[in-house]
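Heads up, the thing below is written out as C-alpha cells.
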Amino acid sequence: MEFEDKTIVCQDCGKEFVFTAGEQAFYKEKGLDHEPKRCKECRDKRKAAKESQTSK
C-alpha cells in the first residue's frame, strides 16, 4: 500500500501539521487505524501534563 503525506488540523491549537507517509506506514504496522488528532507540540504538552499528574 502506498501512502502520501496528509495535512491535518490539530484539534487543540488549530495549526496544520503533516502526517507523513512514513508515519502512516508506522501506524499501520502497529495496527493503529486512526490518524493523529494533535500536532507533535500539543502531543508533547499533553504527555508532559499527564506525567506531572501521575508524579504527584
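The values are calculated or read from the model by the stated rules, or taken from the named source; none is laboratory data. Quantities reported herein were computed from a predicted structural model and do not represent experimental measurements. So basically every Cβ, Gly included, is an ideal-geometry build from the backbone, and we count neighbours across all protein chains shown.
Look at the range 33-46 and say how many of its residues are loosely packed, with under 12 Cβ neighbours inside 10 Å, of a type outside the set (Asp, Glu) and modelled with pLDDT of 95 or more.
Qualifying residue count for the region: 1.
What do you reckon, is Lys28 part of a helix (DSSP H, G or I), modelled with pLDDT of 95 or more and more than 12 Å from the chain's Cα centre (by Cα)?
yes
Considering (1) in contact with a Cys (Cβ under 7 Å, 6 or more places away or on another chain); (2) not in a helix (DSSP H, G or I), say which one Cys42 fails and leave the rest.
(2)
Cβ-Cβ below 8 Å, separation at least six or inter-chain, first residue in the range 17-34 and more than 14 Å from Met1 (Cα to Cα), second exposed (fewer than 10 other Cβ atoms within 10 Å of the Cβ): which pairs?
Close Cβ pairs satisfying both conditions: Phe17/Thr7; Val18/Thr7; Phe19/Thr7.
In the range 1-14, which residues are within 19 Å of Arg46 (Cα to Cα) and either of a type in the set (Val, Ile, Thr) or surrounded by 12 or more Cβ atoms within 10 Å (Cβ to Cβ) (or both)?
Ile8, Val9, Cys10, Asp12, Cys13
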